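Read-outs throughout are calculated quantities, based only on the coordinates presented, and are distinct from any laboratory measurement. None of these values were measured; they are calculated from a predicted model. With ideal geometry, Cβ positions are generated from the backbone for all residues, glycine too; neighbour counts draw on all protein chains shown.
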Amino acid sequence: MGAGASLVFISTIVDEANGPRVHFVTGRKRVLRLGQGLMEFSELCGQSGSMHDLAYFLSKPGALPRIPHLLLLGANDLDPSAPRLADLMGAVLIFEQQIGGFGLGAFATNDRSGRSTLLARPQDRMRVAEMASRALMDRGAQLILMSFRAQVSSEPASPAQPFFAEGRRHGAHWARRERSIPGYLPLSTTFDATLAGVGTRTRRNLRYYRRRAEAELGCVFVPRVEVTREELLSFNKQCMFTVSRQVAAWRYNSLKELSGPVFMGMKDKEGRWLSMLAGRRYLDRSEILWQMNRDGLAEYSLGTAMRAYFIEHEIAHGSRRLYTEGGTPHPMRFSFVPEELTDLVIKRDTLVAKAMQMAARRFIQPDNDLSHMLDAPELEWMPC
């Protein structure tokens, strides 16, 4: 993965039964040193774009501080400080919750879309997920929550299908499921052609609310927002769904970590900010990362008007796919191309793990489908 990775410190777990090793690279700086190699490996695995802008996603704040772990899986002689791509079987990026600088043994992926969680060739992905999970359990993991893109198959996998190798018992249970999620909105070569492919109501609203904001609020589109950190923090206080000062400051500061940042907005006729939208542009794709809309103007659906501007602007820059980081409740999601996602949960049969499950329900976003698996009555839990 290049000479820049030569200072990475790792620990290694040997998969004695099957040969390949699992190498742990821990810490944000150490993981980042392998960024370029991960992007190259994602190309070989048919997962282009999965590891772009890794620095941004490693700095994303959560309910608790988190320790990033990159698990590299490959041949026995794989050099984790500078592995050859030919020696690499897979890679898994997962985060351990911590308090006071100490890891809690609760691991979760940070990407609800599953695009940037697990890298491997399609036929190897379930095997890589198993090996990574067993390595985490061998290191004392109490709870593992993982979403990733498994091999696409026309046959739905059974929840009872063997996953962990026979004969390995950790005093734990696992469950997994496959589900479809809204993936991305295909972008055509023009705004009108793109809207022709979305639902009638969504198409009407995207046009209507932009025209209304222009006619009644004197809305002006600002393709490149230039504000100070304090100005963004001030606007955050005037918005619907205000975030904490810490998160708002991170949003502003993290834009410089993007290789192709997008920061646009809308102002009214008096020069007041109505909306700000931040995103990123990579390959032939654009992604909405976050959006802030002024409070008190719900009837104008500023979020919809802002997205209309965004879509048209990104089409002009050659983008052919529109993603929304973390998903979106906006009705436009019904026009997204569906993509398949695998959820995996592993929990030890201990009081510590049960306490962590209760904490996960509180600290992981309430609408997070992965955390809901902890209580899903329809799942079949298997010993491992």
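Taking amide H positions as modeled 1.01 Å from N, with prolines and chain starts lacking one, the residues under 5 Å from VAL222 and 5 or more places away or on another chain are GLY265, MET266, LYS267. Under 5 Å from the amide H of LEU88 lies no amide H of any residue 5 or more positions distant or on a separate chain, with H modelled from the backbone and absent for Pro and chain starts. Distant-in-sequence amide contacts of VAL262, defined by a placed amide H-H separation under 5 Å and a gap of 5 or more residues or a different chain, comprise GLY279, ARG280, ARG281.
Magnitude of the charge dipole for the chain, about its Cα centre and with charges confined to Cβ atoms of Lys, Arg (+1) and Asp, Glu (-1), is about 820 debye. For the range 294-331 versus the range 86-143, the spacing of their alpha-carbon centroids is 32 Å.
Which trypsin sites (Lys or Arg not before Pro) in the range 266-344 pass both tests, a DSSP loop state and at most 15 other beta-carbon atoms within 10 Å? Display every interim value, and only then the final one.
On the way: sites: LYS267, LYS269, ARG272, ARG280, ARG281, ARG285, ARG294, ARG307, ARG320, ARG321, ARG333; in loops: LYS269, ARG272, ARG320.
Answer by residue number: LYS269, ARG272.
Please state the relative contact order of the chain as a whole percent: Cα pairs under 8 Å, 6+ residues apart? Write out the running numbers ahead of the final one.
Working: 705 pairs, mean separation 75.3, N = 384.
With pairs under 8 Å counted, the relative contact order is 20 percent.
If exposed chymotrypsin sites (Phe, Trp or Tyr not before Pro) are those in a DSSP loop with at most 11 other Cβ within 10 Å, what is the longest stretch of the chain that has none?
Numbers: sites that count: PHE9, PHE241.
Counting at most 11 other Cβ atoms within 10 Å as exposed, the longest clean stretch of the chain is 10-240.
When the charge dipole of the chain is built from unit charges on Cβ atoms (+1 for Lys and Arg, -1 for Asp and Glu) and taken about the Cα centre, the candidate among ILE311, PHE41, ILE144 whose Cα reaches farthest toward its positive end is ILE311.
Sites counted here are GluC sites (Glu not before Pro) in a DSSP loop (not H, G, I, E or B) having no more than 14 other Cβ atoms within 10 Å; the longest part of the chain that contains none of them is 17-165.
Rounded to the nearest 5, what % of the DSSP beta bridges within the chain are antiparallel ones? Roughly 90 percent of the beta bridges in the chain run antiparallel, per DSSP. Shown here: Cα extents along the principal axes in Å, derived from the displayed model; of the candidates (1) 69, 49, 43; (2) 70, 55, 49; (3) 63, 62, 33, it corresponds to (1). In order along the range 323-339, the phi-based Karplus estimate (6.51 cos²θ - 1.76 cosθ + 1.60, θ = phi - 60°) of 3J(HN,Hα) comes to 10, 10, 5, x, x, 8, x, 4, x, 4, 4, 6, 9, 6, 5, x, 10 Hz; Gly and Pro are listed as x.
Would you work out which of SER133, PRO83, GLY279 lies farthest towards the positive end of the dipole of the chain, given +1 charges on the beta-carbon of Lys and Arg and -1 on that of Asp and Glu, about the Cα centre? Highest projection toward the positive end goes to GLY279. Qualifying trypsin sites (Lys or Arg not before Pro) in the range 77-136, where qualification requires a DSSP coil assignment and no more than 13 other C-beta atoms within 10 Å, comprise ARG84. Between THR324, SER301, SER254, the Cα set farthest toward the positive side of the dipole of the range 226-384 (charges on each charged residue's Cβ, about the Cα centre) is that of SER254.
Looking at this model, which pairs from LYS60/LYS269; LYS60/LYS237; LYS60/LYS256; LYS237/LYS269 are more than 23 angstrom apart at the alpha-carbon? Please report the intermediate quantities before stating the final value.
Working: LYS60/LYS269 34 Å; LYS60/LYS237 20 Å; LYS60/LYS256 13 Å; LYS237/LYS269 21 Å.
Table pairs above 23 Å Cα-Cα are LYS60/LYS269.
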